[in-house]
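Data first, discussion second: the structure below is written as C-alpha coordinates.
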Amino acid sequence: MTATDSPQSPESPSSEKLSMGIDPYERNWMVLSVALLVVFFATVSIAGFALGFQVNGVDSEVDPATVLDSEPWASPGLRQISEDHYEAYVVAKTWVFEPRELEIPVGATVDIFVTSPDLQHGLKITDTNVNMQVVPGQVSKLTYTFDEVGEYPYICHEYCGSGHATMFGVVKVVPATALAADGDDAADTEDAQSQEDDS
Ligand code: CUA
(Lines give C-alpha, C1' and ligand atoms only; values in the text may rest on other atoms or scores of the structure.)
Protein backbone atom coordinates (compact mmCIF):
# COMPACT_ATOMS: atom_id res chain seq x y z
CA MET A 1 0.00 0.00 0.00
CA THR A 2 1.40 3.39 -0.97
CA ALA A 3 0.98 6.53 1.07
CA THR A 4 -1.43 8.12 -1.44
CA ASP A 5 -3.78 5.15 -1.25
CA SER A 6 -4.27 5.66 2.43
CA PRO A 7 -7.40 7.59 3.50
CA GLN A 8 -5.28 9.20 6.19
CA SER A 9 -2.66 10.46 3.73
CA PRO A 10 -1.66 14.12 4.21
CA GLU A 11 -2.97 15.06 0.69
CA SER A 12 -6.58 14.07 1.24
CA PRO A 13 -8.64 16.35 3.46
CA SER A 14 -9.53 14.78 6.73
CA SER A 15 -13.19 14.49 7.67
CA GLU A 16 -12.38 16.42 10.81
CA LYS A 17 -11.28 19.47 8.80
CA LEU A 18 -14.43 19.36 6.59
CA SER A 19 -16.77 19.55 9.57
CA MET A 20 -15.03 22.43 11.25
CA GLY A 21 -18.06 24.69 10.96
CA ILE A 22 -18.73 27.86 9.00
CA ASP A 23 -16.31 30.68 8.72
CA PRO A 24 -17.65 33.57 10.86
CA TYR A 25 -17.35 35.97 7.93
CA GLU A 26 -19.48 33.67 5.75
CA ARG A 27 -21.94 33.03 8.56
CA ASN A 28 -22.47 36.76 9.07
CA TRP A 29 -23.30 37.21 5.41
CA MET A 30 -25.74 34.28 5.55
CA VAL A 31 -27.47 35.80 8.58
CA LEU A 32 -27.60 39.19 6.87
CA SER A 33 -29.09 37.64 3.69
CA VAL A 34 -31.83 35.87 5.61
CA ALA A 35 -32.53 39.01 7.65
CA LEU A 36 -32.88 41.03 4.43
CA LEU A 37 -35.33 38.47 3.03
CA VAL A 38 -37.42 38.80 6.18
CA VAL A 39 -37.33 42.61 5.92
CA PHE A 40 -38.35 42.53 2.23
CA PHE A 41 -41.16 40.08 2.90
CA ALA A 42 -42.43 42.22 5.77
CA THR A 43 -42.21 45.40 3.67
CA VAL A 44 -44.20 43.90 0.79
CA SER A 45 -46.77 42.40 3.18
CA ILE A 46 -47.31 45.66 5.07
CA ALA A 47 -47.55 47.66 1.82
CA GLY A 48 -50.01 45.21 0.30
CA PHE A 49 -52.22 44.31 3.23
CA ALA A 50 -51.97 47.21 5.67
CA LEU A 51 -51.38 50.22 3.39
CA GLY A 52 -53.44 48.96 0.47
CA PHE A 53 -50.83 49.24 -2.28
CA GLN A 54 -52.14 47.14 -5.14
CA VAL A 55 -50.95 45.98 -8.49
CA ASN A 56 -53.54 47.01 -11.06
CA GLY A 57 -55.45 44.08 -12.37
CA VAL A 58 -56.36 43.39 -15.96
CA ASP A 59 -60.05 44.25 -15.81
CA SER A 60 -60.83 43.11 -19.33
CA GLU A 61 -59.38 42.78 -22.79
CA VAL A 62 -60.46 45.00 -25.67
CA ASP A 63 -59.60 45.50 -29.34
CA PRO A 64 -57.41 48.64 -29.39
CA ALA A 65 -58.43 49.39 -32.99
CA THR A 66 -62.14 49.70 -32.17
CA VAL A 67 -62.22 50.32 -28.40
CA LEU A 68 -63.03 54.04 -28.75
CA ASP A 69 -66.00 53.38 -31.05
CA SER A 70 -68.32 52.07 -28.37
CA GLU A 71 -69.36 53.02 -24.83
CA PRO A 72 -68.05 53.66 -22.29
CA TRP A 73 -64.83 54.51 -24.12
CA ALA A 74 -66.53 56.61 -26.81
CA SER A 75 -67.27 59.21 -24.09
CA PRO A 76 -64.62 58.90 -21.40
CA GLY A 77 -65.09 60.67 -18.07
CA LEU A 78 -66.81 60.26 -14.75
CA ARG A 79 -69.96 58.20 -14.10
CA GLN A 80 -71.80 58.22 -10.79
CA ILE A 81 -72.71 54.71 -9.66
CA SER A 82 -74.16 55.50 -6.24
CA GLU A 83 -74.06 58.36 -3.73
CA ASP A 84 -70.32 58.20 -3.10
CA HIS A 85 -69.16 55.71 -5.70
CA TYR A 86 -67.99 56.71 -9.15
CA GLU A 87 -66.37 55.16 -12.19
CA ALA A 88 -63.78 57.11 -14.15
CA TYR A 89 -62.97 56.08 -17.71
CA VAL A 90 -59.68 57.55 -18.90
CA VAL A 91 -58.23 57.12 -22.40
CA ALA A 92 -54.46 57.47 -22.70
CA LYS A 93 -53.43 58.04 -26.33
CA THR A 94 -50.68 59.82 -28.22
CA TRP A 95 -50.32 62.35 -26.66
CA VAL A 96 -53.20 63.29 -24.49
CA PHE A 97 -55.41 62.03 -21.72
CA GLU A 98 -59.16 62.13 -22.22
CA PRO A 99 -60.50 63.66 -20.13
CA ARG A 100 -57.81 66.09 -18.99
CA GLU A 101 -59.72 66.94 -15.84
CA LEU A 102 -61.83 64.94 -13.42
CA GLU A 103 -63.86 66.71 -10.74
CA ILE A 104 -64.63 64.42 -7.83
CA PRO A 105 -66.50 65.17 -4.60
CA VAL A 106 -64.36 64.59 -1.52
CA GLY A 107 -64.82 61.20 0.09
CA ALA A 108 -65.88 59.52 -3.15
CA THR A 109 -64.55 56.10 -4.05
CA VAL A 110 -63.59 55.93 -7.69
CA ASP A 111 -62.99 52.86 -9.83
CA ILE A 112 -60.46 54.14 -12.33
CA PHE A 113 -60.43 52.33 -15.68
CA VAL A 114 -57.82 53.20 -18.28
CA THR A 115 -56.92 51.90 -21.72
CA SER A 116 -54.92 52.92 -24.78
CA PRO A 117 -55.84 52.65 -28.45
CA ASP A 118 -52.26 52.98 -29.68
CA LEU A 119 -49.08 52.47 -27.67
CA GLN A 120 -48.11 51.71 -24.13
CA HIS A 121 -48.63 54.62 -21.74
CA GLY A 122 -48.79 55.01 -17.98
CA LEU A 123 -51.14 56.67 -15.52
CA LYS A 124 -49.82 57.98 -12.24
CA ILE A 125 -51.94 60.20 -10.02
CA THR A 126 -49.71 62.32 -7.77
CA ASP A 127 -50.01 61.86 -3.99
CA THR A 128 -52.04 58.66 -4.38
CA ASN A 129 -51.05 55.06 -4.87
CA VAL A 130 -52.70 55.03 -8.32
CA ASN A 131 -49.93 54.01 -10.70
CA MET A 132 -50.80 51.87 -13.71
CA GLN A 133 -49.31 50.64 -16.93
CA VAL A 134 -51.67 51.35 -19.80
CA VAL A 135 -51.36 48.63 -22.37
CA PRO A 136 -53.20 48.61 -25.72
CA GLY A 137 -55.76 45.82 -25.75
CA GLN A 138 -56.19 45.77 -22.00
CA VAL A 139 -58.26 47.73 -19.51
CA SER A 140 -56.34 48.44 -16.30
CA LYS A 141 -58.29 49.18 -13.14
CA LEU A 142 -57.53 50.54 -9.67
CA THR A 143 -59.87 51.81 -7.00
CA TYR A 144 -59.08 54.85 -4.89
CA THR A 145 -60.95 56.89 -2.29
CA PHE A 146 -60.22 60.61 -2.44
CA ASP A 147 -60.44 61.68 1.20
CA GLU A 148 -58.83 65.12 0.96
CA VAL A 149 -59.79 68.18 -1.00
CA GLY A 150 -57.09 69.26 -3.42
CA GLU A 151 -55.62 68.95 -6.88
CA TYR A 152 -53.95 65.71 -7.88
CA PRO A 153 -52.14 66.04 -11.19
CA TYR A 154 -51.81 62.89 -13.28
CA ILE A 155 -49.09 62.11 -15.78
CA CYS A 156 -48.01 59.51 -18.28
CA HIS A 157 -44.98 57.84 -16.75
CA GLU A 158 -44.13 55.55 -19.65
CA TYR A 159 -42.01 57.18 -22.35
CA CYS A 160 -44.24 57.10 -25.43
CA GLY A 161 -42.68 59.41 -27.98
CA SER A 162 -42.05 63.08 -28.71
CA GLY A 163 -45.28 64.25 -27.06
CA HIS A 164 -44.81 62.20 -23.88
CA ALA A 165 -44.26 65.29 -21.72
CA THR A 166 -47.58 66.78 -22.85
CA MET A 167 -49.59 63.89 -21.43
CA PHE A 168 -50.99 65.17 -18.18
CA GLY A 169 -54.24 66.05 -16.48
CA VAL A 170 -55.64 66.79 -13.05
CA VAL A 171 -58.06 65.27 -10.58
CA LYS A 172 -59.82 68.05 -8.69
CA VAL A 173 -61.22 66.83 -5.41
CA VAL A 174 -63.78 69.38 -4.26
CA PRO A 175 -66.14 69.72 -1.28
CA ALA A 176 -69.43 68.02 -2.11
CA THR A 177 -71.22 71.35 -1.58
CA ALA A 178 -68.99 73.00 -4.19
CA LEU A 179 -70.18 70.53 -6.83
CA ALA A 180 -73.82 71.15 -5.95
CA ALA A 181 -73.16 74.93 -5.89
CA ASP A 182 -71.56 74.72 -9.34
CA GLY A 183 -74.76 73.24 -10.65
CA ASP A 184 -76.86 75.92 -8.89
CA ASP A 185 -74.60 78.72 -10.14
CA ALA A 186 -74.99 77.49 -13.68
CA ALA A 187 -78.76 77.36 -13.26
CA ASP A 188 -78.79 80.82 -11.60
CA THR A 189 -76.72 82.29 -14.41
CA GLU A 190 -79.04 80.81 -16.98
CA ASP A 191 -82.06 82.18 -15.06
CA ALA A 192 -80.48 85.61 -14.83
CA GLN A 193 -79.63 85.45 -18.51
CA SER A 194 -83.16 84.53 -19.53
CA GLN A 195 -84.58 87.25 -17.25
CA GLU A 196 -82.28 89.79 -18.89
CA ASP A 197 -83.42 88.56 -22.29
CA ASP A 198 -87.05 88.87 -21.23
CA SER A 199 -86.74 92.45 -20.00
CU1 CUA B 1 -47.96 58.51 -22.94
CU2 CUA B 1 -45.80 58.89 -22.12
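Filtered by the rule that a residue be of a type in the set (F, W, Y) and surrounded by fewer than 10 Cβ atoms within 10 Å (Cβ to Cβ), segment 34-50 gives a lone residue, F49. Candidates in segment 157-175 are the residues that are closer than 24 Å to T109 by Cβ and within 15 Å of the ligand (Cβ to nearest atom); of these, the one that is least open to solvent (accessible area, probe 1.4 Å) is G169. So is S194 at pLDDT below 95 and open to solvent by 60 Å² or more (accessible area, probe 1.4 Å) or not? Here the answer is no, as S194 does not meet what is asked. Among the residues of segment 55-66, is there at least one that is of a type in the set (S, T, Y), in a strand (DSSP E or B) and touching a residue at least 40 places away in the same chain (Cβ under 8 Å)? Scanning segment 55-66 turns up at least one residue that is of a type in the set (S, T, Y), in a strand (DSSP E or B) and touching a residue at least 40 places away in the same chain (Cβ under 8 Å). Only one entry of A92, A88 meets the criterion of being under 16 Å from P153 (Cα atoms), in contact (Cβ under 8 Å) with a residue 60 or more places away in the chain and either open to solvent by less than 10 Å² (accessible area, probe 1.4 Å) or not in a loop (DSSP other than H, G, I, E, B) (or both), and that entry is A92. If we scan segment 59-66, do we find a residue that is under 20 Å from the mean Cα position of the chain (by Cα) and either of a type in the set (A, V, I, L, M, F, W, C) or open to solvent by less than 40 Å² (accessible area, probe 1.4 Å) (or both)? Yes; the residues of segment 59-66 include at least one that is under 20 Å from the mean Cα position of the chain (by Cα) and either of a type in the set (A, V, I, L, M, F, W, C) or open to solvent by less than 40 Å² (accessible area, probe 1.4 Å) (or both). State yes or no: is A180 at pLDDT below 95, at negative phi and touching a strand residue (DSSP E or B) at 6+ places or on another chain (Cβ under 8 Å)? No: the conditions fail for A180.
What pairs come out if I take residues in segment 106-123 that are under 15 Å from A165 (Cα atoms) and pair them with residues that are open to solvent by 20 Å² or more (accessible area, probe 1.4 Å) and of a type in the set (A, V, I, L, M, F, W, C) whose C-beta lies under 6 Å away, six or more apart or interchain? Every condition considered, the pairs that remain are Q120/V135.
Please work out which residue is least open to solvent (accessible area, probe 1.4 Å), limiting yourself to segment 67-83 and to residues that are within 21 Å of the chain's Cα centre (by Cα) and over 12 Å from T115 (Cβ atoms). Going through the qualifying residues, I end up with G77.
One residue stands out in segment 131-153 among those that are closer than 14 Å to A88 by Cα and among the hydroxyl-bearing types (S, T, Y): the one that is farthest from the chain's Cα centre (by Cα), namely T145. Taken together, the residues in segment 101-127 that are away from the ligand (no atom under 16 Å from the Cβ), in a loop (DSSP other than H, G, I, E, B) and surrounded by 17 or more Cβ atoms within 10 Å (Cβ to Cβ) amount to 2.
The values are calculated or read from the model by the stated rules, or taken from the named source; none is laboratory data. This one's a predicted model, so the numbers in the text were calculated from it and none came from an experiment. Counting neighbours? That spans all protein chains shown, and the Cβs are built from the backbone with ideal geometry, glycine included. These area figures cover heavy atoms from the full protein model, side chains too; ligands, DNA and RNA do not enter into them. Shrake-Rupley method; radii C 1.70, N 1.55, O 1.52, S 1.80 Å.
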